[in-house]
Structures are given as structure tokens and as C-alpha cells.
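Some notes on the structure that comes next.
The values are calculated or read from the model by the stated rules, or taken from the named source; none is laboratory data. It should be emphasised that the depicted structure is a prediction, and the values quoted were computed from it without experimental measurement. For neighbour counting, all protein chains shown are included, and Cβ atoms are generated from backbone atoms with ideal geometry for every residue, glycine included. These area figures cover heavy atoms from the full protein model, side chains too; ligands, DNA and RNA do not enter into them. Shrake-Rupley method; radii C 1.70, N 1.55, O 1.52, S 1.80 Å.
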Amino acid sequence: MIPKVRKAVFPAAGLGTRFLPATKAMPKEMLTLVDKPLIQYGVEEAIHSGMNNIIIVTGRGKSAIEDHFDVSFELEHMLEARQKKDLLAAVRSVSDMIDVFYVRQKEALGLGHAVLRAKEMVANEAFSVVLSDDVIDAELPCLHQLHDIYEFYGCSVVALMEVPPENISAYGVVDAEPVSHNGGSGRLYRIRNMVEKPSPEDAPSNLAIIGRYILTPEIFHSIEAIEPGRGGEIQLTDALKHLLRTRPIYGYKFEGTRYDAGDKLGFLKATVEFALKRHDLGEAFREYLRGIQI
Ligand code: G1P
């Protein structure tokens, strides 16, 4: 039997230049969608997919992330004294749910390099990687969907999404053939090749990799074996391509809506959609939006 994936790696050492000046002194992972930082959405997705062991790869100036997932005695004491039960539960739920471990990536040398930093902590088991910029709203968490495929095949699985040609250069792109699975919903692919951020003419398809991966531990060897690629960085896509030489890799076109919260427009869209879905805010916010002149 294939053991369940328990560990989730969160690369969080990027510089967040797309959100300057907000990210000058604050990690981009702490940008807030309604009332939760981006990284917490990813952490909750991992927990709801059975992965309670959270490994965050941080860099300089990221201590707010560590504080966020830590117990805050003063805050809890104050909320308790003032009998703010709901807020207390919300604050505690963050630190109670998980075991968080931190590892430093001293220099931002690419996504593959960040994942490699987690090698010792992951040890010899399959693990997931979550890019918190990609916020995914789904009935069954995206990582859970990938895990179901992993449990069946025992191979690495990446999340896929169709994107229009004008946006394809922002992604890792796969060349893949559809595979029927369990009577099939047409969502599973076996990957033949992949390329990081190709020009539209060179893109092998319109299927882009989105920031959710389940990886088998051989990926570490592949990351160590490759040379810097696009942008002079050690790319995870290149390592996956290297792994393809010896292991099958699957892609799964997940069910759900993905927001690119690392982009200003994507972030705004996510904020509006998430606020509209909230039972405590949705109605009032909808009313407000109806009333403004656009
Ligand atoms: C990273 C990966 C890319 C992937 C993307 C998904 O790129 O390198 O392959 O398609 O995440 O969001 P980044 O957006 O960090 O430049």
C-alpha cells in the first residue's frame, strides 16, 4: 500500500517584488485575503488533505510568518479575559492544527532550490509543495484531488489548468497525453515533457502547471542534478523534466477556481469573491457593490 502524504512544503522566501511597496517589510505570504493571510489558506488546504506536517522555507524578513503560526500568549490571554470566544477560537485554530517546521533559504535561487532546502525534513517520503500565491477555491481541496491520484499511481502529480495563449509564458507548461482514470472524467494526463515559461510559439500546449505538487523523494536527486535554467534559477519544472527520464509523472486538471493572488488584479478578484462567500460579510458586501457606480 502506498503510504499517505503527511508533509507539505511551503516555499516562502521570495522577494514579492510584484507587491512592492506592501512587501518591503512584510512577507507577501502575509498579504491578507479578507482576514487571513495567503499562506494560511494554503496551510488549511494541506490540513484538509491530511497533511499536518508543515515545512515552511523562509528567507530574511519573514519572521511574521513564524509569529503567525506560533502561540500568542498575550493575545490569547487578552481575548480570554474579554470573553471573545470566537476570536480566541480563530486565533488558536491556527497554532493548534499543525506542526510547523522552518528551514532557511539564504538566497532566492529559484523554486527548485527552495524545495531542496526541505530535503532533510522531508527525508525519504512523498510530500506536497504548495505555492501560496495560487489560492484555490474548491469543494474537495486541490491537494486532496492530487493525493487521490498519487494514492492510485504512486507517482508524482502536478496540478494543471488550461490558460489562454497570451498568458502561457507565465507558467511551467506540459506536453501531455490524456489518460483514462476510473472510468475517467478527462482530467488526468500523463506528462511527456515540460518547459518553464515558454514563449507562446514554443508552448507545447495550453496546459499550465499551477502551484500544487505531490512529489516523490527522487525529486531531490533531480534538483541536485540540474543546472540553473530560466532566469538563472534552479527551476522545479526542470527538475521534474529530469525526473521524467526515470519515473512517470501525472498531471491533473483539478476541479475548482484558482486565483493568482501574487498578481494585483488576481488578488483583488480573490478578495471580492472570498468576501462575497462569507456568511458574516457576504450580504452586506454584495449590497455595497450593487450600490457603487461602475
Ligand atoms: C512557478 C513555477 C511555474 C508554475 C507557477 C504556478 O512560477 O515555476 O512552473 O507554473 O509557479 O503559479 P512563478 O509564478 O513562481 O514564477
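The set of residues in segment 102-117 that are away from the ligand (no atom under 16 Å from the Cβ) and among the aliphatic types (A, V, I, L, M) contains only 103.
If the condition is being at pLDDT below 95 and in contact with a His (Cβ under 9 Å, 6 or more places away or on another chain), then segment 212-232 contributes no residue at all. Residue check: residue 243 meets all listed conditions (1) surrounded by fewer than 12 Cβ atoms within 10 Å (Cβ to Cβ); (2) within 24 Å of residue 178 (Cβ to Cβ) but one, namely (1). When residues in segment 46-62 are screened for being closer than 10 Å to residue 11 by Cβ and either modelled with pLDDT of 90 or more or β-branched (Val, Ile, Thr) (or both), 4 of them pass. When segment 177-193 is filtered for residues that are more than 14 Å from the ligand (Cβ to nearest atom) and open to solvent by less than 70 Å² (accessible area, probe 1.4 Å), the ones remaining, listed by number, are 179, 181, 184, 186, 187, 188, 189. Being at pLDDT 80 or above and either more than 27 Å from residue 145 (Cβ to Cβ) or surrounded by 15 or more Cβ atoms within 10 Å (Cβ to Cβ) (or both) holds for only one residue in 35, 67, 99, and it is 67. With respect to (1) at negative phi; (2) at pLDDT below 90, the lone exception for residue 83 is condition (1).
Exactly one residue out of 233, 196 is in contact with a helix residue (DSSP H, G or I) (Cβ under 8 Å, 6 or more places away or on another chain), within 11 Å of the ligand (Cβ to nearest atom), among the acidic types (Asp, Glu) and open to solvent by less than 50 Å² (accessible area, probe 1.4 Å): that is 196.
Name the single residue that is nearest to residue 146 (Cα to Cα) among those in segment 216-225 being away from the ligand (no atom under 13 Å from the Cβ) and not acidic (Asp, Glu). Once the filter is applied, the top-ranked residue is 216. Beta carbons closer than 9 Å, at least 6 apart along the sequence or on distinct chains, pair a first residue in segment 154-172 that is among the charged types (D, E, K, R) with a second that is open to solvent by less than 20 Å² (accessible area, probe 1.4 Å) for 162/207; 162/208.
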